[in-house]
Amino acid sequence: MHGCNGKMGQVISGLIAADPQVEMVAGIDVWDDGHNTYPVFADINDCDVEADCLIDFSTAGAVEKMLDYCVAKKLPCVLCTTGLSEELLQKMREASETTAILKSANMSLGINLLLKMLKEAAGVLAPAGFDMEIVEKHHNLKVDAPSGTALALADSINEEFNNEYEYVYDRSSRREKRPAKEIGISAVRGGTIVGDHDVIFAGADEVITFSHTAYSKAVFGKGAVQAAKFLAGKGAGMYNMGDVIDASM
């Protein structure tokens, strides 16, 4: 576990401790007070413990060194750290030529199942004249808007139509009828909302809404653990949570 003493690292440690199918054999973190049941290394290059997969929930600044380690060890990696630069994303793609790398905008199994469902729904409803809107809600400490998950949901719909739809984040300056080929994305920030996403298909005299609500960060940890189970033993290449969903169907 890379970033084992962070919030998500500790969530994942708890999930793995309760799962008889997996074992946490080592952690990497610059800070450690000795409370973990597994050895913790301040420098990833000092870690000499054999593992089947690495889960990364760390910081963007630590990802480059971690990728070098995974390449050297040919160790599959579930890469959960966000905010990566284009240079780091390119390094990730290069690493995937040597070992298995899994990266997704959202690690929740529910969200990734929803991504698949939306493609089918949009393919039926949009040609029938349904307008599509996404409303996402997060806590008041979240600095980006819209969320990466909201954009992933919009992208999933848009891929069904060869990216013909325009994303609209603010209509306050417009005085015109809503165009047909757009997806509205609205962001709400308040309180301690972990993550709430509604995808609305609004047609004549009926509305269909797909909703996903995360009540704790544990949903992302559970997805990461499932991803690690899936990735262990896989050959080099880029994978995502859609692959995990497909393997379980």
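The values are calculated or read from the model by the stated rules, or taken from the named source; none is laboratory data. Because the structure is predicted, anything quoted here is derived from the model rather than measured. Cβ coordinates were reconstructed from backbone atoms using ideal geometry, including for glycine residues, and neighbour counts include every protein chain displayed. The protein model used for the area step is the full one, side chains on, heavy atoms only, and it has no ligands, DNA or RNA in it. Shrake-Rupley method; radii C 1.70, N 1.55, O 1.52, S 1.80 Å.
Residues in the range 22-165 average 49 Å² of solvent-accessible surface per residue, probe 1.4 Å, ligands and nucleic acids excluded.
Once the piece of chain linking residue 187 and residue 38 is laid out straight, how much longer is it, given 0.36 nm per residue of separation minus the C-alpha distance between them?
Details: separation 149, 0.36 × 149 = 53.64 nm, distance 4.01 nm.
Here the answer is 49.6 nm.
Farthest towards the positive end of the charge dipole of the range 1-155, among the residues 4, 153, 62, is the Cα of 153, using unit charges on the Cβ of Lys, Arg, Asp and Glu.
For the chain, the longest principal axis of the alpha carbon atoms and the long axis of helix 148-159 meet at an angle near 60°. Of interest is the spacing of the C-alpha centroids, which for the range 39-80 and the range 95-112 amounts to 15 Å. Here the simple spin-label model places points 7 Å from the Cα toward Cβ, and for residue 213 and residue 178 these points are separated by 2.3 nm. In the range 30-134, what GluC sites (Glu not before Pro) fall in a loop by DSSP, with at most 13 other Cβ atoms inside 10 Å? Sparse-neighbourhood loop GluC sites (Glu not before Pro): 50, 97. Relative to the dominant Cα principal axis of the chain, helix 218-231 is inclined by about 70°. In a reduced charge model with +1 at each Lys and Arg Cβ and -1 at each Asp and Glu Cβ, the range 1-102 shows a dipole moment near 220 debye about its Cα centre.
Can you send over the carbon and sulfur percentage of the accessible area for the range 96-249, probe radius 1.4 Å, protein chains only? Whole-percent figure for carbon plus sulfur exposure: 52. Summing +1 for each Lys or Arg and -1 for each Asp or Glu among the other residues whose beta-carbon sits under 10 angstrom from that of residue 84 gives -1.
Could you tell me which chymotrypsin sites (Phe, Trp or Tyr not before Pro) in the range 1-88 are loop residues by DSSP with no more than 15 other beta carbons within 10 angstrom of their beta carbon? Please list the in-between numbers first.
Values: sites: 31, 41, 57, 69; in loops: 31, 57.
Sparse-neighbourhood loop chymotrypsin sites (Phe, Trp or Tyr not before Pro): 31.
Remark: spin-label model distance residue 82-residue 116 equals 2.3 nm, labels positioned 7 Å along the Cα→Cβ axis. The residue list 214, 81, 233 was ranked by how far each Cα lies along the charge dipole of the chain toward its positive end, using unit charges on Cβ atoms, and 214 comes out on top. May I ask for the angle, rounded to the nearest 10°, between helix 60-73 and the longest principal axis of the chain, with both axes built from Cα atoms and the value confined to 0 to 90°? For 60-73 against the chain, the angle is about 60 degrees. Relative protection proxy for 169-179, 152-162, from highest mean packing down: 152-162, 169-179 (other beta-carbon atoms within 10 angstrom).
Please give me the summed charge of the neighbours of residue 138: other residues whose Cβ is under 14 Å from its Cβ, Lys and Arg +1, Asp and Glu -1.
Its environment carries a net charge of 0.
Determine the sum of side-chain charges near residue 5: Lys and Arg each +1, Asp and Glu each -1, restricted to other residues whose C-beta is under 13 angstrom from that of residue 5.
On the way: positive: 7; negative: 29, 32, 33.
Spelling it out: positives minus negatives among the neighbours equals -2.
Calculated mean residue ellipticity at 222 nm for the chain: -11000 deg cm²/dmol, from DSSP H runs with n ≥ 4 weighted as -39500 (n - 2.57), summed, divided by the residue count and rounded to 500.
Compute, for the range 136-249, the length of the dipole vector about the Cα centre, with Cβ point charges of +1 (Lys, Arg) and -1 (Asp, Glu) only. Units Debye, rounded to 20. All intermediate terms of the calculation are to be shown ahead of the outcome.
Working: 13 positive and 16 negative charges, 102 e Å.
Roughly 500 debye, rounded to the nearest 20.
The charge dipole of the chain, taken about its Cα centre with unit charges on the Cβ atoms of Lys, Arg (+1), Asp and Glu (-1) only, comes to about 440 debye. Backbone N atoms of the range 174-208 closer than 20 Å to the 7 Å Cα→Cβ label point of residue 128 belong to residues 180-184, 199-208.
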